[in-house]
Structure formats: C-alpha cells, structure tokens
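For reference, the structure is listed below as structure tokens.
Every number here is computed from the coordinates shown, using simple stated rules; none is lab data. Keep in mind the model is a prediction, meaning the values are calculated, not measured. Please note: Cβ atoms are built from the backbone with ideal geometry, for glycine as well, and neighbour counts cover all protein chains shown.
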C-alpha cells in the first residue's frame, strides 16, 4: 500500500477525531474549571464510568462493527429493492431498543447496589455516595441513545457515508458543554449528568437526516427477534464484545483503586488520561482504522510480503509521531496541565496531581498506539482470539501492579501500572504475531533511516530542554509558543534531512487543504 494512500485515509478519519477531541477537551476544561478536582467530580466520573463502560462494550464498538457486514450483504443482494434492507434496519433497531431499554431500567432500579459495588471507597461519605447513585440513574438512558447512534453509524458506514459518523461525537460533547454553561445554576452538579444525556440525544439525532436521504427510516418491528439478520448480528457481537470488555476492565479497575486514594485522585487520573488520549486518538487510532482494509486485502490475496510492508509503514509512522509525543508529555506535564486545565476551581494542587499522573502515563502512549495497530494486524488475519487472550493477561498484570504500586506511589502507581501493562501487551502481541505469520513484524530498517530518525528525535529532545529552561518563569503563553516552535521544528527536520517522510507530509498537507476547502465550499 502506498504511504500517501494510507495517510489520506488517516487524515480524513483523524480530522473528524480531532474535532471530537477538541470539543471533548473543551468539555473537560469546563468541568475542571467549574467543579475542580473535588469529590463532586470524583463522584460524577465514577457514576459516568458505569453507563460509559456498557456503551463501549455493547454500543459504539461491538454494535456498529457487527452491523456493517450483515447490512452490506442485504444491501448488495437487494440492490434493486430496499424492502429487505429496510426490514433489516427495522429489526435491528427494534431488537436493540427492547434489549437496551431493559438494561437501562434494571440499571436505574439497581443503581444503588451497582455504585456500592464499584465505589466502595465512597461508603464512608454518604453525600458523595448519594450524588453518585442519583447521577448514575440520570445517565443510564444515555446507553439507549448512544446505542441508537452506534446503529446509525453502522448503517451509514455501509452506505459509504463516513463524514457524519466522524463528526457525530462532537455533538455529544456539545451537549455536555451547553448543560454546564446553561443549567449548572439550576441543577447544580447534576447538570453534568443531564449534559451526558443531552449530548447522547444530539449525537443520535444528527445522524438521522443522511439515513433518511438514502430512503431508510427507523421503524418498530415486533417480530424482530425472529429476523435471521438480527440473530446474525447478535452472534457476531459476542466475540467482539468480549474483546472490548478486556480492554475496558483496565479503566474500571484503575478507578476503583483510585477511589481508595486521597480526594482528587480519580479526577487527576481522568484528566491526565484525557490529555494522553488526545494524540492517541487523533493519530494512533485513526491510523489503525485506516490500515485495516489494506492489511485484510493483502491477506485475502495471500500477499504476505505486501502485508508485512504495509504493517511496517504503520509502525514506522507510529514511531515517528508517538516518540516525540512521549518526550513532550514527560518533559512538560505541569505546564501542559496548567495551560489546559488551570482555571476556576482547578487549583495548583489539582494541577500537580494531574501532572504527576500524566508523567507516569506518558511512556505507555507509544505502546497504546502500537497495540492498536498490532491488534488490527491480528484482525486482518481473522484471528480475534489471540488479542483477547493477551488482553486478559495484561489486565491481570495491571490489577496486580495497581494494588502493589499504589502502596508506594499512591495514585501515581495506577498510571505507572497502566503503562507497564501496555508494554507487556505489546511484547506478547509482537511475539505471537511473529509465531503466526512467520515474518518479522519490525523490518530491518536501512541505517540511513535510523540515524536520521535518531538525529531528528535528538534535536527535539534538546529543544524540549531549552524550552523548559527558558519558560520556567515565563507565562503559559510563552510555553505554548515554545511548544508550537518545537513541533514545527520536528516536522521541518525531515525536509532538512531529506527523509522519505517529507513526501508523505507534503501529501498530507494537500489532503488537509482539500478537506477544509470542501468544508468551506
């Protein structure tokens, strides 16, 4: 696969993700500004963890992934008529509406039991426990709304309409932002929970018009459970859901352990994780999504040499962007946290706690991105079991390290445990991928490329040290300008060193200009 083609797809997906991340960052800034790293934020995050965990397991990931192949078959087989595809859409929409509604009702009824089980660190604080329980009850309907949104995402992607799905998460963040600004004086801290529901509703409604333009409507079909298409979607969801469950247990365990630490620990880990996920989502996840079709095509054509080359392209670009990102986050954790979050109730102590967590999360960023890529490599080989088994081992290691390191490093131990378990997962993925394919995952790179990358990264590290010394006593805006200079320098160096990456970077800039030109016109 040509690197320019890979990057073109990555840029399109990345721009949609970037919009979502920026709006999400604004949402976190507002939460930190108005509520700080206090017991209110801790309680909200614990309450949000429960429906959000179910969302990631059953909605956006497994549901949309399972719908696409089945809907594609119906759509292609009935190209001259929309009756069968429409019946499938109605059956899937109805079936999941009934199932998820039942889950929401049960979740609201037993919310107190759920909160007591998850946040046992709150049991000695009745006010915090009560707020967490009520917020959980308010936010459970969000699961139904986001499930509908995931279904629409799957339908639209099958119809080759990708832009709406990429932009839709922006409206979820917008709902929370509006609720905080408009309703916090009316509902107090409960505006956070209402904002989640409002955002879920907007994300769902935003995707209805393009589906209707294609001639499809959302109807209730009472015999949906007998529909073979709906039954097939359920069968496909099971292994995907289990795989996603493995990746989400880490988050749940981290927050449970953090709830046993001092006040503000849950918030510090959450805010630092959001900062780390910004580059991961914009580039790491976008690249893994863009590369999967090419890897799958290489396997289908039994061209493992091309498969190896395509995978190495992805790995090389992950190293190109994530290595300097790791350095940047480890050198500037506190200035970055101050720049993004330090305002309102987010005081100096909250900033120091968040920066400390970010420092220990940062080394894991590289391995998180590589793990996304290597997992897609397994999927292209139609092997979903191996990543699940490796993920289970990583989760077990993370739990053990959480409980051990927190004794010495407090909440910082949770972040370090997450980074180390990501490295452990990476080593196992590489080993078993080699065993399965009998090819080298990491190609032996030309010495010319290695020394140029070394020079580029060395100059960036030296620049970070200089900026850190120069901005020690300067304003945050001085740090922002210094950071901008560093990244511009890093992207200019491939042209000065005549690296192959310069051609792809030029193509990427051209794609970005075309996208913005289309959006503007």
Practice prompt. Work out how much length residue 231 to residue 33 would gain on full extension: take 0.36 nm times their residue separation and subtract the Cα-Cα distance, in nm to one decimal.
Written response: 66.6 nm
Worksheet item: By average Cβ neighbour count within 10 Å, what is the ranking of 218-229, 41-52, 270-281 from highest down?
Response: 41-52, 270-281, 218-229
Fill in: Cα→Cβ-extended label distance, 7 Å offset, between residue 214 and residue 477, nm
4.7
Practice prompt. Could you tell me the convex hull volume per residue, in Å³, taken over the Cα atoms of the chain?
Written response: 159
Worksheet item: Where the centroid of each part is defined by its Cα atoms, how far is segment 120-146 from segment 389-420 in Å?
Response: 25
Item to complete: Calculate, for residue 117 and residue 167, the FRET efficiency according to 1/(1 + (r/R0)^6) with r their C-beta to C-beta distance and R0 41 Å; round to the nearest 0.05.
Response: 0.65
Response to the item:
To the nearest 0.05, the calculated FRET efficiency linking residue 178 and residue 263 through their beta-carbon distance, R0 being 45 Å, is 0.95
Worksheet item: Considering the zone a paramagnetic label at residue 410 would reach in this model (a point 7 Å from Cα along the Cα-to-Cβ line), which residues of segment 351-383 have amide N under 15 Å from it?
Response: 351-360
Worksheet item: With labels modelled as points extended 7 Å from the Cα through the Cβ direction, what inter-label distance (nm, one decimal) is found for residue 484 paired with residue 496?
Response: 2.0
Fill in: the chain, helix-only ellipticity at 222 nm - DSSP H runs n ≥ 4, -39,500 (n - 2.57), divided by all residues, nearest 500
-28000 deg cm²/dmol
Worksheet item: In what sequence, highest mean first, do 328-336, 305-313, 462-470 appear when ranked by Cβ atoms within 10 angstrom?
Response: 328-336, 305-313, 462-470
Discussion item. Given a Förster distance of 22 Å, report the FRET efficiency between residue 330 and residue 455 from their Cβ-Cβ distance, rounded to the nearest 0.05.
Written reply: 0.65
Worksheet item: Label points 7 Å out from Cα along the Cβ direction at residue 185 and residue 238: separation in nm?
Response: 5.5
